[in-house]
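*Asks:* The structure follows.
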Amino acid sequence: MAKNIKTNKKPQQVNKKEMSKQHAKQIKQQLNETVATGIIDGVFVYTEALSIADFANQIGKSVAEILKYFFAQGLMLNQNVVLSEEQMAELALEFGFDFRKEESLTKENFFEALDASEEDKPEDLEHRAPIVTIMGHVDHGKTTLLDSIKNTNVVGGEAGGITQAIGAYQVKNKDGKKITFIDTPGHEAFSEMRSRGANVTDIVILIVAADDGVMPQTEEAIDHAKLANVPIIVFINKCDKPGADPERVKAELMKYEIVAEEYGGDIPFVQGSAKQKIGLDQLEETILLIAEMQDYKANPNKLAKGVVIEAHLDKAKGPVASILVKEGTLDIRDMIIAGTTYGNIKHMEDETNKKVLKAGPSKPVVVYGLNEVPSAGDKFIVMNDEKMARTIAEAQAEKKLAAERQSNQIFSLDSIKKHIDDGELKAINLIVKADTQGSVEALKGSLTKIDIPGVKLNIIRASVGTITLSDVTLASTVTDGIVLIYGFNVRPDAVVRKKAEEEGIEIRLHNIIYKVIEELEDAAKGMLDPEYKEVVTGSAEIRATFKHSDIGTIGGFHITDGSIERKSKVRIIRNGIVIYTGELATLKHLKDDIKEAKINSEGGLTIKNFNDIKEGDIVEGYKEEEVKK
Ligand SMILES: Nc1nc2c(ncn2[C@@H]2O[C@H](COP(=O)(O)OP(=O)(O)OP(=O)(O)O)[C@@H](O)[C@H]2O)c(=O)[nH]1
């Protein structure tokens, strides 16, 4: 028996490894393959927009002939002008060729091209749980409905329930049938994901309160659901309330072509109460019925692919991402590329906080181990080849950067007022980085309310995570108006700081939202008080810690940048997040007290009133210097 288990297990492990190897090899090959372009069997085949000179060469005509064609239309072009795809198609037809675009797999179009090129054989497909999103007007009961569904269903066959908010969760009914619910924060997020090609939802539940009827956001939800082109189920909620009028809701929805079956339409309606847990069984049955009719399937026996539902930076655990597997099976220790980031999955949990080793189609899980925080809606794919994962993630990051790039000019914060007065400044461009999605949203909300006459405030990036080189690079592309990077509860490391200095990019660090707003408003009014400026003197890495009975935890440090003085103020940074700000208590080299520790030197330090120093922490020394106006 034992022998049997062993022989059963081994080939499976080999298979996964072999599969990963094959997969990486195949993708590498596809990336290196160049698609044949030019005139092939009388058809003009192209992969991208071409200049007039290249286009002429590819279709075997002279540049003069092409320029003549445009000249006849009143357009004076030269051979370096890049043609649009429409213009190329038009010209191809003009010269008697059909045309076809071929998509070659590149690091930049990696996710899109891969999606288009990979198709499963029908015999490899297996049933998967339907993925459902609930949408409706504010206060009509989305949260209550989700909570009631969570509480009435036994998760994973065990009592205990869903304990963490991971943006998506799976429930199992009494017959063992599963449904995955996506807990999107709003309609915008739903459509934002869809616009990025992350079509995760199979079915939309439109919730309408029976005592309130169709409201503005109900209309919005209908638009979003229709755009997504997925089946809709209407849940008429709050039928327990005295003023409830489900018939009115049905009549109102007819205006939007949401017609109940009893009125000759084909939209299923369920009446009930999320609060009293009425109608939930029928709602689930309806979902499962649609799932049966639509026959949702995926191939579980391949490397996983899916979508990031939400992500944040955890103080202790680093980047944390809730992801939904769409195809294949994700294994713990798989390496994934998620948008512009990648990493080995070190740990995986489900919505009940339980460790999981595998996640198949339609399964939402929380993963730990990515090197940066991805964005909601990013696609992910397993790529068990670190070098490839890194190059592709980097190419994706560059592509994102290019998309965000703006052509603008740089000023410093101090000079905003002057430039406004001179009428030179038209835009303040901000890059906002914060420790949680909540802070990002709050900052965005407050910043957009700032009103400086004649000045446009552009938030060119607002995301969770520490300030990185890519933020500085993005800032350095801004050439019109001022550009500032705001770090909220996060800090750049020495490399990033140096790069920002070189590029003349100002990084402002805060931990109170109104300070950010106040500073910007003051700056705009020319009231910025630049009397003191913080100057970072250097950083040290804690490479070991020692417990001392009298003085507490000693951090064995190595100065990696600049120097730190005994009198320095310090910040303790863990995973890019400031966890403590204070002063040094002691600074020693071997047994001796020292005044300053310089680059590459080592020693031990302790921090006043802070005993939680850990290996890997960065201690950043800084002082406040007076700034001459
Ligand atoms: N009587 C009654 N009250 C309900 C029912 N469902 C929800 N409510 C109440 O309606 C209010 C709003 O419910 P939520 O679930 O927070 O509504 P929501 O749509 O999630 O609201 P937002 O998250 O703000 O968009 C709460 O006070 C609920 O207790 C129901 O079936 N019957």
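*Asks:* Starting from 0.36 nm per residue, how many nanometres of slack lie between Glu219 and His347 once their C-alpha separation is accounted for?
*Replies:* 42.0 nm
*Asks:* Could I have the simple spin-label model distance between Lys17 and Val259, label points 7 Å from Cα toward Cβ, reported in nm to one decimal?
*Replies:* According to this spin-label approximation, the distance is 6.2 nm.
*Asks:* Report the label-to-label distance for Asn511 and Met293 in nanometres (one decimal), using points 7 Å from each Cα along the Cα→Cβ vector.
*Replies:* 5.6
*Asks:* Another question, if that's okay. Please calculate how many Å² of accessible area the chain carries per residue, with a 1.4 Å probe and no DNA, RNA or ligand atoms counted.
*Replies:* Averaged over the residues of the chain, the accessible area is 51 Å².
*Asks:* Stick to Cα atoms and the Kirkwood definition of Rh, then tell me Rg/Rh for the range 305-402.
*Replies:* 0.94
*Asks:* Now for a different question. Measure of size requested: the Rg and Dmax of the chain, with Cα atoms as the atom set and Å as the unit; please supply both.
*Replies:* For the chain, the Cα radius of gyration and maximum Cα-Cα distance read 29.1, 90 Å.
*Asks:* Using Cα-Cα distances under 8 Å and only pairs 6 or more residues apart, what relative contact order does the chain have, in percent?
*Replies:* Averaging sequence separation for qualifying contacts and normalising by length gives 9 percent for the chain.
*Asks:* Nearest 0.05, what FRET efficiency do Glu534 and Asn78 give at R0 = 30 Å with Cβ-Cβ as r?
*Replies:* 0.05
*Asks:* Shifting gears a bit: Going through the cross-link list Lys226/Lys255; Lys107/Lys346; Lys172/Lys305, which pairs have a Cα-Cα distance over 18 Å in this structure?
*Replies:* Where the Cα-Cα span goes over 18 Å, the pairs concerned are Lys107/Lys346; Lys172/Lys305.
*Asks:* Sticking with this one: With all protein chains present, how much of the accessible area of the range 36-94 (probe radius 1.4 Å) comes from carbon and sulfur, to the nearest whole percent?
*Replies:* The value for the range 36-94 is 51 percent carbon and sulfur by accessible area.
*Asks:* How much net charge surrounds Lys567 when only the other residues with a Cβ under 14 Å from the Cβ of Lys567 are counted, with Lys and Arg +1 and Asp and Glu -1?
*Replies:* Summing Lys/Arg as +1 and Asp/Glu as -1 gives -1.
*Asks:* I've got another one for you. Return the Rg/Rh ratio of the range 208-262 with Cα-based radii and a Kirkwood Rh.
*Replies:* Value, to two decimals: 0.97.
*Asks:* Further question on the same structure: Hey, got the dipole for the range 305-402? About the Cα centre, +1 on K and R Cβ, -1 on D and E Cβ, debye to the nearest 20?
*Replies:* Using Cβ point charges on Lys, Arg, Asp and Glu, the range 305-402 gives about 100 debye.
*Asks:* Grab the beta carbon distance between Leu590 and Lys358, set R0 = 45 Å, and tell me the FRET efficiency rounded to 0.05.
*Replies:* 0.30
*Asks:* Determine, from the Cβ-Cβ distance of Lys25 and Glu85 and an R0 of 22 Å, the FRET efficiency 1/(1 + (r/R0)^6), rounded to the nearest 0.05.
*Replies:* E between Lys25 and Glu85, to the nearest 0.05, is 0.10.
*Asks:* Would you compute, from DSSP H runs of 4+ residues alone, the mean residue ellipticity of the chain at 222 nm, taking -39500 (n - 2.57) per run and dividing by the full residue count, rounded to the nearest 500?
*Replies:* It lands at -9500 deg cm²/dmol.
*Asks:* For a quick protection proxy, order the peptides 322-332, 512-522 by their average other-Cβ count within 10 Å, most packed first.
*Replies:* Sorting 322-332, 512-522 by mean packing, highest first, produces 322-332, 512-522.
*Asks:* Measuring from a point 7 Å past the Cα of Val138 along Cα-to-C-beta, which residues in the range 221-249 have an amide N at less than 16 Å?
*Replies:* 221
*Asks:* Further, regarding this structure: Starting from 0.36 nm per residue, how many nanometres of slack lie between Glu625 and Arg543 once their C-alpha separation is accounted for?
*Replies:* 26.6 nm
*Asks:* For a paramagnetic label modelled at 7 Å from the Cα of Lys107 toward its Cβ, which residues of the range 481-517 fall within the zone defined by backbone nitrogen distances under 14 Å?
*Replies:* So the set is empty, nothing qualifies.
The values are calculated or read from the model by the stated rules, or taken from the named source; none is laboratory data. Just so it is clear, the model here is predicted, and its values are computed rather than measured. Note: ideal-geometry Cβ built from the backbone for every residue, glycine included; neighbour counts use all protein chains shown. Ligands, DNA and RNA are stripped out before the accessible areas are found, and what is left, the full protein with its side chains, is counted by its heavy atoms. Shrake-Rupley method; radii C 1.70, N 1.55, O 1.52, S 1.80 Å.
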